[in-house]
1. Taking neighbour Cβ counts within 10 Å as the exposure measure, how do 97, 206, 52 sort from fewest upward?
2. Given labels modelled 7 Å from the Cα in the Cβ direction, how far is it in nm from residue 159 to residue 176?
3. Stretched out fully, how many nm does the piece from residue 120 to residue 70 gain, at 0.36 nm a residue minus the Cα gap?
4. Highest mean first, how do 139-146, 122-129 rank when packing is the count of other Cβ atoms within 10 Å averaged over residues?
5. How much length, in nm to one decimal, is gained on full extension between residue 92 and residue 134, taken as 0.36 nm per residue of separation minus their Cα-Cα distance?
6. Given labels modelled 7 Å from the Cα in the Cβ direction, how far is it in nm from residue 99 to residue 202?
């Protein structure tokens, strides 16, 4: 066998091995590390939030969204509320002033999509905007009645006033900045949890339902 033929065979073998490493071994190793990183990331999220979002690596879903609850609350806010109810009959006005404390829970509906896509060492987080999950009375409601001359406060008035008070308290919570606070808190937590795994965390909001 001539020397040139031996060199050609050796070169062919080297090129074949190099191609195998570049196109098979390296992508497989990168994918393995990506999937392992996604698994560890999912575990970190589960421990911190009691929830695992859908996680994609290079547009391939490797972890499905999992949660033991239907929602996740990231902010609990106590507030005091006052409401003025009145009714006029034949020119006579009766009034009820109601005050009481409430607890608002703000967070995320987990029936909506919550996913993380890992690309180019960045985490693209997609989730629904935060919302008021509940507004509950703390049980310290007080009433102050003002009777009309011939238009007196009765139990039905109290019931109507209380219902209006509860509705108004929720409206107050929705407009008080609690949702914006919850959004900032969730983004802070996500960056804190994901920063050890990626160089950058990008958060985007959508109303899309969770992908089945």
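Derivation of every value follows stated rules applied to the coordinates shown; laboratory data play no part. Predicted model only: the values in this text are computed from it and were never measured. As a convention, Cβ positions derive from the backbone with ideal geometry for all residues, glycine included, and neighbour counts pool all protein chains shown.
1. 206, 97, 52
2. Placing both labels 7 Å beyond Cα along the Cβ direction yields 2.8 nm.
3. Taking 0.36 nm per residue and subtracting the Cα distance, the gain is 14.9 nm.
4. 122-129, 139-146
5. So the extension gain works out to 11.4 nm.
6. Between residue 99 and residue 202, the label points sit 5.1 nm apart.
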